[in-house]
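A.B. asks: What follows is a structure written as structure tokens; I'll ask about it next.
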Amino acid sequence: MMDEIVRAVEATLFAAEAPMTIADIRLYVGEEADVRAALNSLQDHYAGRGISLVKTGDRWHFQTAHDLSHLLRRERAQLRKLSRAGMETLAIIAYHEPVSRAEIEAIRGVQVAKGTLDVLMETGWVRPAGRREVPGRPLIYATTGEFLTHFGLQSRKELPGIDDLKAAGLLDPVDFALEQLEFEGDDELPQGGETSEENEGDSPDSLESESERA
């Protein structure tokens, strides 16, 4: 009987157009099925083969084995416009979720443009996550399963630390040092100054992804 459940789960995942949660799979194979045991069995079965069963967040999907991806890679330039403000906002949400707009602005030190959060929600990477139980009950935001899948993360615990970002060259050492100096210098400035963001969202950066796994 278990073999039939494993086969049903396998067929469901192969036919799925997107990663599926255990609850999603049960809609196809039955509520009484031990889906978790079937998934563990399939993971063992596909270990070391050309495709593997992968869990990202709480969702499961099949994908090409990492060491074979170069054989099936299709080169494609995909232009995705996202402003620097959008990237900073996404990073703040990912590292501090759930956060409100006011909390994002407090961390960035500037106002969040109206369309920035809308763009992030349109990409499917950010979602409303309820309201903060404080006066005004502001809306709070969090990342989605699509965010984890897109960046190849099983959970937010795999987000890189600042040392990892610097080692990967994603933080310019000179810019980082200047930011530290500016931060230290803020203590010497008189209070009451305001920081404003110039042309946020007017000149979006182009993020280019040059490879897509088959």
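A.B. asks: What helices (runs of 4 or more DSSP H) completely inside region 1-115 contain at least 2 residues that are within 30 Å of Val134 (Cα to Cα), within 19 Å of the chain's Cα centre (by Cα) and in the same structural domain as Gly161 (by TED's automatic domain parsing)? Full working, then the answer.
C.D. replies: On the way: elements: 2-15, 22-29, 35-46, 84-96, 101-108.
In region 1-115, 84-96, 101-108 are the helices (runs of 4 or more DSSP H) which contain 2 or more residues that are within 30 Å of Val134 (Cα to Cα), within 19 Å of the chain's Cα centre (by Cα) and in the same structural domain as Gly161 (by TED's automatic domain parsing).
A.B. asks: Here's another thing I want to ask about it. Exactly one of these conditions fails for Thr144: (1) surrounded by 14 or more Cβ atoms within 10 Å (Cβ to Cβ); (2) in contact with a helix residue (DSSP H, G or I) (Cβ under 8 Å, 6 or more places away or on another chain); (3) modelled with pLDDT of 85 or more; (4) not basic (Lys, Arg). Give me its number.
C.D. replies: (2)
A.B. asks: Of all residues being of a type in the set (A, V, I, L, M) and assigned to a helix (DSSP H, G or I) in region 117-141, which is surrounded by the fewest Cβ atoms within 10 Å (Cβ to Cβ)? Just the residue, please.
C.D. replies: Narrowing region 117-141 to residues of a type in the set (A, V, I, L, M): 117, 119-121, 126, 129, 134, 139-140.
Filter once more, keeping what is assigned to a helix (DSSP H, G or I): 117, 119-121.
Details: Leu117: 20, Val119: 20, Leu120: 22, Met121: 14.
The qualifying residue surrounded by the fewest Cβ atoms within 10 Å (Cβ to Cβ) is Met121.
A.B. asks: The conditions are (1) under 24 Å from Thr123 (Cβ atoms); (2) loosely packed, with under 12 Cβ neighbours inside 10 Å; (3) at pLDDT 90 or above, and Leu79 fails exactly one of them. Which is it?
C.D. replies: (3)
A.B. asks: So the check is Cβ under 7 Å with 6+ separation or different chains; which pairs have a first residue in region 122-140 that's in contact (Cβ under 8 Å) with a residue 12 or more places away in the chain and a second one that's loosely packed, with under 13 Cβ neighbours inside 10 Å and in a strand (DSSP E or B)?
C.D. replies: From region 122-140, the pairs are Leu139/Pro128; Ile140/Gly130.
The values are calculated or read from the model by the stated rules, or taken from the named source; none is laboratory data. Treat the numbers as computed from the prediction; the structure is a model and nothing was measured. For neighbour counting, all protein chains shown are included, and Cβ atoms are generated from backbone atoms with ideal geometry for every residue, glycine included.
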